[in-house]
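**Q** Here it is, the structure, as structure tokens.
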Amino acid sequence: MRNIQTLCVYCGSSSGARPEYTDAAKAFGMRLAQDGITLVYGGGKVGLMGTVADAVLAAGGRVIGVIPRQLVEKEVAHTGLSQLQVVETMHERKTRMYELADAFVALPGGFGTMDEMFEMLTWAQLGLHAYPCAYLDVLGFYKGLSASMDHMVAEGFVKREQRDQVWFGDDIDALFHWMTHYESAYTPKWITPSAIESHR
């Protein structure tokens with residue numbers, strides 16, 4: 001079984017249009033604290049970011065926030081965390097969050113959430129890490145994204161083995177069970193010696 005001590009959550013700095021998103025963020029944060037897993041996240045105190053952090057802290061858990069200096073005011077940095085790390089750039093933020101984490105989970109969010117999670121998926125695809133990556137699919141929020149990934153497989157841009165390494169679902173218990181039993185299976189990308197030769 002995989003021992004997850006620190007988990008990185010990507011999610012919105014907005015709470016979204018439905019209360020169920022906030023409810024899911026609270027439940028997820030409480031579960032992290034109950035399991036003794038440290039939360040790593042973007043360091044804000046607003047939106048789902050603040051909700052999940054507050055839920056972990058309220059349940060006695062530990063939270064590490066990582067935020068770029070230029071977003072300290074814009075995202076309203078959370079000053080009540082176990083630790084707040086202020087970095088200089090977005091690239092440093094993503095790298096630091098990766099360095100701290102044993103797993104990655106996306107709750108509902110926007111462009112920033114997609115950017116951060118897809119970078120981790122890309123790194124896994126390239127064999128740069130072997131950590132579980134999952135989407136908590138609240139109210140079918142990620143249904144379209146899951147279908148898009150399947151379409152990438154069907155059209156020959158992503159291998160089925162790589163797609164199957166990404167978990168989608170709305171059950172928090174099932175998500176944690178999947179993460180603790182996750183086994184990475186690195187599959188090389190499409191580039192082969194014959195493919196290179198054919199383009200000479």
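The values are calculated or read from the model by the stated rules, or taken from the named source; none is laboratory data. Not measured: the values here are computed from a predicted model. Positions of Cβ are backbone-derived with ideal geometry, glycine not excepted, and every protein chain shown enters the neighbour counts. Accessible surface is based on the protein model in full, side chains and every heavy atom, while ligands, DNA and RNA are left aside. Shrake-Rupley method; radii C 1.70, N 1.55, O 1.52, S 1.80 Å.
**Q** Roughly to the nearest percent, how much of the accessible area of the stretch 123-182 is carbon and sulfur, given a 1.4 Å probe?
**A** Solvent-exposed carbon and sulfur of the stretch 123-182 make up 55 percent of the total.
**Q** Still on this structure: In whole Hz, what ³J(HN,Hα) sequence does the stretch 95-100 give by Karplus (6.51, -1.76, 1.60; θ = phi - 60°), x for Gly and Pro?
**A** Values per residue, Gly and Pro as x: 5, 5, 4, 4, 4, 8 Hz.
**Q** Can you give the net charge of the other residues whose Cβ lies under 12 Å from the Cβ of Tyr21, counting K and R as +1 and D and E as -1?
**A** So the surrounding residues net to -2.
**Q** Okay, moving on. Need the C-alpha centroid separation for the stretch 70-136 versus the stretch 23-58, integer Å.
**A** Their Cα centres are 14 Å away from one another.
**Q** Given H placed 1.01 Å from N in the peptide plane, which residues other than close sequence neighbours of Arg2 have an amide H under 5 Å from its amide H?
**A** His181, Tyr182
**Q** If you count only protein heavy atoms with a 1.4 Å probe, what accessible area per residue comes out for the chain, rounded to a whole Å²?
**A** The answer is 51 Å² per residue.
**Q** Val40's amide H: which non-local residues (gap 5+, or another chain) put their own amide H closer than 5 Å, with H modeled 1.01 Å from N in plane and none for Pro or chain starts?
**A** Leu7, Cys8, Val9, Ile64
**Q** Keeping to pairs on different chains or 8 or more places apart, tell me how many lysine pairs in the chain have Cα atoms under 20 Å apart.
**A** 6
**Q** Another question about this same structure. Enumerate the calculated ³J(HN,Hα) couplings along the stretch 25-41 in order (Karplus 6.51 cos²θ - 1.76 cosθ + 1.60, θ = phi - 60°), each rounded to whole Hz, writing x wherever the residue is Gly or Pro.
**A** Ordered by residue, 3J(HN,Hα) equals 5, 5, 5, 5, x, 4, 5, 4, 5, 4, 8, x, 9, 6, 8, 10, 7 Hz.
**Q** Okay, next question. Among 86-99, 15-28, what's the highest-first ranking by average C-beta atoms within 10 angstrom per residue?
**A** Packing proxy ranking, top to bottom: 15-28, 86-99.
**Q** Give me, ordered by chain and number, the residues 5 or more places off Asp35 or on other chains with an amide H under 5 Å from its own placed amide H.
**A** none
**Q** If you don't mind, another one. Given the options Ala33, Ala154, Ala58, state which has the largest fluctuation in a GNM of the chain using a 10 Å cut-off (strictly under) for Cα springs.
**A** Looking only at Ala33, Ala154, Ala58, the largest GNM fluctuation is found for Ala154.
**Q** Can you give me the angle between helix 143-154 and the longest principal axis of the chain, using Cα atoms only, in degrees from 0 to 90, rounded to the nearest 10?
**A** The answer is roughly 20 degrees.
**Q** Multiplying the sequence separation of Glu183 and Phe111 by 0.36 nm and subtracting their Cα-Cα distance, what value in nm do you get?
**A** On the way: separation 72, 0.36 × 72 = 25.92 nm, distance 2.85 nm.
Roughly 23.1 nm would be gained on extension.
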